[in-house]
Amino acid sequence: MSIKPTTTIRIDLDVKKQANKVFDDIGISMSAAINTFLKAVVREGTMPFDIKAQSTKLKPANAKLNNAFILKKDEFYTQYEDVEKEMLNHREQLKGKRIFCNCDDPFESAFFRFFVINFNRLELSGLTSTCYANSSLAGKEYPLEGTTNAYKAVVTNVPDETIVRPDGSLDLESLFSMKENYLEHLVGDGDFRSEECISLLKDADIVATNPPFSLFREYIDLLESHKKNFIILGNMNATTTKEIFPLFRENKVWYGESIRSGDRKFFVPDSYPLNATGCGIDNNGRRFIRVKGVRWFTNLKSTRTSSPLELTCLYNQEDYPRYENYDAIEVGRTQNIPKDYEGVMGVPITFLDKYSPEQFEIIMLANGNARTNVPSNVLSEVNYQLHPEDKGGVGIIDGRRVYARVFIRRKSL
């Protein structure tokens with residue numbers, strides 16, 4: 001059954017018309033005004049008659065989160081600027097496609113907002129976004145009729161004129177008043193692993209979202225099993241896992257265009273603790289944290305994946321020591337890869353930011369799981385020798401372990 005993003009309160013038509021005129025002059029939507037009023041009631045504990053400031057403290061959500069959210073606290077909401085910067089690099093691949101955004105409340109998600117605002121510019125054929133019922137932000141700004149917050153938002157037509165209101169919010173009433181677009185409750189809780197969400201996944205051309213970091217391996221495995229094109233946000237630590245590193249090695253997955261280093265800002269629920277450096281509350285009262293090592297993961301082709309790395313260094317034994325347990329040399333920084341060395345080299349994981357499959361071959365990952373995750377024939381190829389200090393396969397130099405290294409080899413000189 002289709003539903004609309006409206007409240008259930010009754011408002012006199014003349015009062016509504018006059019109030020909307022005032023709100024338009026102020027530059028806010030009626031939804032924002034009503035939310036301001038309700039937050040003021042909570043703050044004052046009575047009917048407020050002089051509403052001057054909006055409280056930045058919201059009542060903590062009491063929704064029961066799933067185990068990943070409770071243990072990992074990774075209900076993160078990506079900034080619009082980060083989504084826009086990356087997606088516009090793939091406009092040709094996105095053109096004419098059906099986009100699926102799950103793992104986010106559509107009305108809180110920067111992904112949904114970006115694709116709606118740029119729907120006509122990208123000439124999309126459709127946009128579907130699903131909401132997880134137990135997310136603490138689900139349905140907060142736009143509560144929907146019914147007993148569950150799990151729903152899907154389907155958009156196949158967006159008006160040519162802007163749907164962004166003066167206060168920056170989307171004119172959702174106008175968007176979903178178009179007969180081609182609709183909201184509909186899901187039968188289940190909207191988990192990306194549910195049967196109905198997998199059915200929506202099958203119908204999509206490209207998936208774009210920010211899945212829970214704690215479930216990232218399971219999420220990307222689902223995309224791979226259904227052979228879907230995707231561009232999703234994750235932590236680069238996931239690259240070292242046995243499920244994902246082989247995808248990089250086989251050139252099935254690579255990093256996106258726009259993020260190379262530094263941390264990224266994510267909005268979080270009101271109950272999230274802000275006890276780390278860089279966390280805070282912005283001017284709109286939204287809590288945020290900063291996360292290091294964030295990358296876009298994608299299998300959409302781009303110019304970066306074929307751009308060779310410019311090499312300037314020359315090999316010498318003093319600057320490039322050999323590992324005691326591998327027939328390979330240590331290269332501590334990607335920029336120091338020697339241009340005249342033909343053998344196997346161990347480079348930092350950040351090498352993948354500049355990796356070109358036309359220039360290099362990825363052989364394996366030398367980390368604490370190498371003995372169990374790397375095929376025996378590959379270990380033989382790099383002449384791995386068991387070392388009592390390597391903790392499962394980490395490279396050893398002068399009796400000490402180094403950080404995890406990607407073993408690579410030049411394809412040509």
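The values are calculated or read from the model by the stated rules, or taken from the named source; none is laboratory data. None of the values given here were measured: they were computed from a predicted structure. Cβ: placed from backbone, ideal geometry, glycine included. Neighbour counts: every protein chain shown. The area values use the complete protein model at the heavy-atom level, side chains included, leaving out ligands, DNA and RNA. Shrake-Rupley method; radii C 1.70, N 1.55, O 1.52, S 1.80 Å.
Worth a mention:
- Selection of segment 364-409 for residues being under 20 Å from residue 243 (Cα atoms), among the aliphatic types (A, V, I, L, M) and open to solvent by 10 Å² or more (accessible area, probe 1.4 Å) yields 365, 374, 378, 379, 394, 404.
- Of residues in segment 261-289 being under 30 Å from residue 362 (Cβ atoms) and surrounded by 12 or more Cβ atoms within 10 Å (Cβ to Cβ), the one farthest from the chain's Cα centre (by Cα): 263
- Segment 378-405, residues that are touching a Lys or Arg at 6+ places or on another chain (Cβ under 9 Å) and not in a loop (DSSP other than H, G, I, E, B): 379, 397, 401
For (1) open to solvent by less than 50 Å² (accessible area, probe 1.4 Å); (2) at pLDDT 95 or above, each residue gets a yes or a no:
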| site | (1), (2) |
| --- | --- |
| 294 | yes, no |
| 303 | no, no |
| 307 | no, no |
| 313 | yes, yes |
| 320 | yes, yes |
| 323 | yes, yes |
| 328 | yes, yes |
| 348 | yes, yes |
| 355 | yes, no |
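- Among the residues making up segment 195-230, a single one is over 19 Å from residue 155 (Cβ atoms), out of contact with any Lys or Arg (no Cβ under 8 Å at 6 or more places or on another chain) and of a type in the set (Gly, Ala, Ser): 225.
- Residue list for segment 122-156, filter: within 13 Å of residue 107 (Cβ to Cβ), open to solvent by 20 Å² or more (accessible area, probe 1.4 Å) and either touching a His at 6+ places or on another chain (Cβ under 7 Å) or modelled with pLDDT under 55 (or both): 140, 141, 142, 143
- Taking (1) surrounded by fewer than 18 Cβ atoms within 10 Å (Cβ to Cβ); (2) in contact with a Gly (Cβ under 8 Å, 6 or more places away or on another chain); (3) part of a loop (DSSP other than H, G, I, E, B) in turn, residue 237 satisfies each apart from (3).
- Those residues of segment 219-259 which are closer than 13 Å to residue 349 by Cα and of a type in the set (Phe, Trp, Tyr), in sequence order: 245, 248, 254, 255
- Scan of segment 372-413 for residues that are among the hydroxyl-bearing types (Ser, Thr, Tyr) and within 32 Å of the chain's Cα centre (by Cα), ordered by number: 372, 403
- Consider segment 311-350 and keep the residues that are hydrophobic (A, V, I, L, M, F, W, C) and not in a loop (DSSP other than H, G, I, E, B). The one that is farthest from residue 407 (Cα to Cα) is 313.
- Identity of the residue in segment 90-113, polar (S, T, N, Q) and touching a Phe, Trp or Tyr at 6+ places or on another chain (Cβ under 8 Å), that ends up farthest from residue 284 (Cα to Cα): 102
- Residue pairs whose Cβ atoms lie under 9 Å apart, separated by 6 or more positions or on different chains, with the first residue in segment 392-413 and closer than 27 Å to residue 356 by Cα and without any contact (Cβ under 8 Å) to a residue 12 or more places away in the chain and the second open to solvent by 20 Å² or more (accessible area, probe 1.4 Å) and of a type in the set (D, E, K, R), do not occur.
- Of all residues in segment 276-302 being hydrophobic (A, V, I, L, M, F, W, C) and part of a loop (DSSP other than H, G, I, E, B), the one that is nearest to residue 217 (Cα to Cα): 300
- Looking only at segment 249-260, and only at residues there that are touching a helix residue (DSSP H, G or I) at 6+ places or on another chain (Cβ under 6 Å) and part of a loop (DSSP other than H, G, I, E, B), the one that is surrounded by the fewest Cβ atoms within 10 Å (Cβ to Cβ): 260
- Residues of segment 200-255 satisfying the condition of being of a type in the set (Asp, Glu) and within 16 Å of the chain's Cα centre (by Cα): 218, 221
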